[in-house]
Amino acid sequence: MNTAATTPDDIVASFAEADAPHDIDLSAHTVEDWICLVFFWLMAGLVFLQFFTRYVLNDSFAWTEELAVYCLIPIVFIGSAMCVRRLKHIQVGFLYRYLPPAAGRALATAVDLASLAFYGWAAWLVARYTLAVGDEPMTTITWSKAWLYWLAFGGFALMALRALQVTLQNWRRGYSVLERPEAFEAPLD
């Protein structure tokens, strides 16, 4: 049994350690991370403006709600590219525990190729849709919705690019997160 009591000096030392500057590494962040961050804060600002004009000024700007909702489009689709890059999409890896290694490798490669094909196909569909109805105006502002659709296209194109990168990395490495999830877990500090 430890009978040593925590002293005030120990508490002061713990605060000093917590306040010590830590190196911040932003190298893991790429273009899609920063685009999502910009749209997130733009959306937050629009929601605050809507709240302020509605409840403080009692005369809300109608366009703030529409633009805040439209900010979700790049956050979702470009943010999904971030998930593809970081291997954070929902995966079912249970089956791979019981498959022989060769069958697991073949199935994981098929999953990589199917993901790549799906993202490319979805980007193509969104591009066709945008070209077909891109001149449609927004409800409260006379801006074209085309830029929203092109952001969704950009998200799917980025997902396809990131899926290609992941597929090539898995092929070079010889296994994927589906086959060896423990190799992709971050160490706990």
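The values are calculated or read from the model by the stated rules, or taken from the named source; none is laboratory data. Bear in mind that the values here come from a model prediction, so they are computed numbers and not experimental data. No Cβ is skipped: glycine too gets one built from the backbone with ideal geometry, and neighbour counts run over all protein chains shown. To get the accessible areas, we keep the full protein, side chains included, count just its heavy atoms, and leave off ligands, DNA and RNA. Shrake-Rupley method; radii C 1.70, N 1.55, O 1.52, S 1.80 Å.
Points to keep in mind about this one:
- Conditions (1) within 30 Å of Val47 (Cα to Cα); (2) outside any loop (DSSP other than H, G, I, E, B); number of the one not met by Asp135: (2)
- Residues satisfying the stated conditions in region 55-100, i.e. crowded, with 17+ Cβ neighbours inside 10 Å, without any contact (Cβ under 8 Å) to a residue 40 or more places away in the chain and among the small types (Gly, Ala, Ser): Ala68
- Selection status of Asp112, touching a residue at least 60 places away in the same chain (Cβ under 8 Å), charged (D, E, K, R) and surrounded by 16 or more Cβ atoms within 10 Å (Cβ to Cβ): yes
- If the condition is being open to solvent by less than 40 Å² (accessible area, probe 1.4 Å) and of a type outside the set (A, V, I, L, M), then region 150-189 contributes Gly154, Gly155, Phe156, Arg162, Thr167, Asn170, Gly174, Ser176.
- Among the residues making up region 128-145, a single one is in contact with a helix residue (DSSP H, G or I) (Cβ under 6 Å, 6 or more places away or on another chain) and buried (at least 17 other Cβ atoms within 10 Å of the Cβ): Thr130.
- Taken over region 37-54, residues that are of a type outside the set (A, V, I, L, M, F, W, C) and open to solvent by 90 Å² or more (accessible area, probe 1.4 Å) amount to 1.
Residue-wise test of (1) part of a helix (DSSP H, G or I); (2) in contact (Cβ under 8 Å) with a residue 40 or more places away in the chain.
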| site | (1), (2) |
| --- | --- |
| Ala102 | yes, no |
| Trp124 | yes, no |
| Ile141 | no, yes |
| Trp147 | yes, no |
| Leu151 | yes, yes |
| Met159 | yes, yes |
| Arg162 | yes, yes |
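- Total residues in region 16-36, condition part of a helix (DSSP H, G or I) and either surrounded by 10 or more Cβ atoms within 10 Å (Cβ to Cβ) or within 15 Å of the chain's Cα centre (by Cα) (or both): 6
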